[in-house]
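Okay, so here's the structure we're looking at.
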């Protein structure tokens with residue numbers, strides 16, 4: 001699994017609010033505020049576009065953390081990412 005898949009998987013597992021907060025707290029990443037009227041899919045699309053626009057080195061750093069999280073939580077009975 002490549003790093004981009006890990007980041008996409010993390011984005012899919014976490015609630016948009018939690019992913020948004022994690023990116024801001026852990027990486028200082030500024031993302032647009034989540035609008036209550038939008039669906040989870042719409043929120044995720046906005047966040048994916050922000051991540052895709054990042055410089056490669058910054059995105060790679062985020063992807064490395066996402067990979068560690070997914071490796072620790074991806075397994076039978078380990079659905080702890082919520």
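Quick one: which of 44-55, 27-38 comes out on top by average Cβ neighbours within 10 Å, and what's the full order, highest first?
Ranking the peptides 44-55, 27-38 by packing returns 44-55, 27-38.
Could you state, as a whole-number percent, how many of the C-alpha pairs of the chain are farther apart than 15 Å?
That tail contains 55 percent of the Cα-Cα pairs.
Using helices alone, what [θ] at 222 nm do you get for the chain, with -39,500 (n - 2.57) per DSSP H run of 4 or more residues, divided over all residues and rounded to the nearest 500?
Result for the chain, helices only: -21000 deg cm²/dmol.
Could I have the simple spin-label model distance between residue 56 and residue 40, label points 7 Å from Cα toward Cβ, reported in nm to one decimal?
Those two pseudo-labels are separated by 3.4 nm.
Every read-out reported here was derived from the displayed coordinates using simple, explicitly stated rules and does not represent laboratory data. Just so you know, these numbers come straight off a predicted model, no measurement behind them. Methodologically, a virtual Cβ is constructed for each residue, glycine included, from the backbone with ideal geometry; neighbour enumeration extends over all protein chains shown.
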